[in-house]
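Where a number appears in this text, it was derived from the coordinates with a stated rule and is not lab data. Quick caveat, the model's predicted, so the values are computed rather than measured. For neighbour counting, all protein chains shown are included, and Cβ atoms are generated from backbone atoms with ideal geometry for every residue, glycine included.
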């Protein structure tokens with residue numbers, strides 16, 4: 001939790017509208033809230049300080065060892081890439097070699113370079129995601145949720161008892177075939193309920209619930225809680241959810257050409273509904289003035305004047321992320337996409353089997 005808090009504070013400190021805020025400065029520097037540490041707390045502090053030092057040393061050693069491995073693999077890996085380009089079926093040869101070689105010393109230099117490169121990439125990814133970042137705990141939590149839902153026992157049964165020729169086909173069926181429904185309602189089917197789609201839809205639903213909570217907080221903050229700014233909310237929703245994608249691209253190009261902020265540009269555009277009336281113009285002007293204050297925040301450090309633009313921009317970003325998550329959710333619930341995934345996976349497996357037989 002301390003690492004997560006530190007990561008959160010680092011993220012806040014990187015945003016000028018927050019780092020210059022009086023409340024944030026008071027939270028970090030208010031001496032009245034500090035106190036003398038007890039002997040146990042001091043011991044805990046020095047332990048954590050030593051752990052942080054070791055963490056930085058480990059990160060430095062890992063980067064040094066990674067650089068050495070990359071340098072030693074560079075020449076061999078160039079040969080590996082050249083062979084892949086010259087002989088498209090060489091990747092099948094590598095997997096065939098993996099099947100029959102029992103010892104690492106017996107593999108070819110090309111395959112050894114490929115294995116070392118894979119180990120390096122996997123190690124670097126795991127280290128970067130789960131060790132070096134302060135918010136690693138959040139990523140770990142998502143991975144653990146996926147891990148709890150994955151049917152390892154069923155996969156083990158398939159690997160143990162299924163004919164080796166049909167193992168991959170059965171695994172694809174397990175993940176992508178529709179599960180039987182036990183509902184007694186006579187309603188229509190709302191989409192596929194394959195295991196893989198159910199897992200991803202559940203994870204997406206959790207993100208959408210968090211977005212809903214964040215949206216409620218935003219709409220209760222100034223100036224969005226003022227009914228006179230409702231036209232701003234409506235225009236953002238229209239731009240995100242209803243406006244044609246081609247018009248969006250035109251607006252982006254025009255804003256870039258004129259050097260204007262995209263949010264302010266489409267809020268003033270006549271192609272976005274509802275139309276801006278004469279009564280709305282003063283409130284739209286306040287958003288523009290707030291953006292101007294935001295641009296000069298590093299010099300003047302007047303955070304209160306930037307709140308209007310920051311909250312409106314945050315609402316726009318939140319609605320955009322919500323739309324993207326809903327699109328991904330609909331994709332996983334689309335029967336045709338699920339069928340294409342299944343057929344595509346089976347086609348790849350069958351093509352690999354045919355090429356393997358020809359060799």
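Solvent-free Debye calculation, one equal scatterer per alpha-carbon of segment 195-336: log10 I(q)/I(0) at 0.12, 0.13, 0.18 Å⁻¹ equals -0.58, -0.66, -1.10. Given that just one value was derived from the coordinates, which of [x] 5, 21, 31, 23, 12, 5, 2, 0, 0; [y] 5, 24, 35, 27, 8, 1; [z] 4, 13, 19, 22, 21, 15, 6, 0 is P(r) over Cα pairs in 10 Å bins from 0, in percent? Step by step, P(r) over Cα pairs in 10 Å bins from 0, in percent for this structure corresponds to label [z]. By how many degrees, 0 to 90 and rounded to 10, does the Cα axis of helix 152-161 deviate from the longest principal axis of the chain? Helix 152-161 sits roughly 20 degrees off the main axis of the chain.
Mark the label point 7 Å from the Cα of residue 85 along Cα→Cβ and return the residues of segment 116-148 whose backbone N is within less than 13 Å of it. Under cut-off, by backbone N: nothing. Subtracting the Cα-Cα distance of residue 327 and residue 148 from 0.36 nm times their residue separation leaves 61.9 nm of extension gain.
To the nearest 0.05, how large is the calculated FRET efficiency for residue 273 and residue 53 if R₀ is 45 Å and r is the Cβ-Cβ distance? It comes to 0.20. In this simple spin-label model, placing a label point 7 Å from the Cα along the Cα-to-Cβ direction at both residue 212 and residue 299 gives a separation of 4.5 nm. Here the Debye sum runs over all C-alpha atoms of segment 25-166 as equal scatterers in vacuum, and log10 of I(q)/I(0) at q = 0.11 Å⁻¹ comes out as -0.77. In this simple spin-label model, placing a label point 7 Å from the Cα along the Cα-to-Cβ direction at both residue 72 and residue 244 gives a separation of 6.0 nm.
With only alpha-carbon pairs counted, each pair once and no self-pairs, how large is the Kirkwood hydrodynamic radius of segment 1-42 in angstroms?
On the way: mean 1/r = 0.0839 Å⁻¹.
In segment 1-42 this quantity evaluates to 11.9 Å.
To the nearest ten degrees, helix 167-176 and the longest principal axis of the Cα atoms of the chain are 20 degrees apart.
Using only the alpha-carbon atoms, how far is helix 195-219 inclined from the longest principal axis of the chain? Give it as 0 to 90 degrees, nearest 10. So the helix axis and the longest Cα principal axis differ by about 10 degrees. Here each label is just a point 7 Å from Cα along the line to Cβ, and for residue 130 and residue 320 those points are 3.2 nm apart.
At 0.36 nm per residue, minus the direct Cα-Cα distance, what do residue 281 and residue 8 gain on full extension? Give it in nm, one decimal, please.
Details: separation 273, 0.36 × 273 = 98.28 nm, distance 3.70 nm.
Residue separation times 0.36 nm, minus the Cα-Cα distance, leaves 94.6 nm.
Multiplying the sequence separation of residue 40 and residue 28 by 0.36 nm and subtracting their Cα-Cα distance, what value in nm do you get? Before the final figure, lay out the partial values.
Working: separation 12, 0.36 × 12 = 4.32 nm, distance 2.30 nm.
Residue separation times 0.36 nm, minus the Cα-Cα distance, leaves 2.0 nm.
I'd like to compare 280-290, 78-88: which one has the highest average count of other Cβ atoms within 10 Å, and what's the full order after that?
On the way: 280-290: 15.3, 78-88: 11.5.
The packing order, highest mean first, is 280-290, 78-88.
Only Cα pairs under 8 Å and 6+ residues apart enter the sum, and on that basis the relative contact order of the chain stands at 22 percent. With Cα atoms defining each centre, segment 212-237 and segment 247-292 are spaced 17 Å apart in the structure. For segment 299-325 versus segment 42-72, the spacing of their alpha-carbon centroids is 37 Å.
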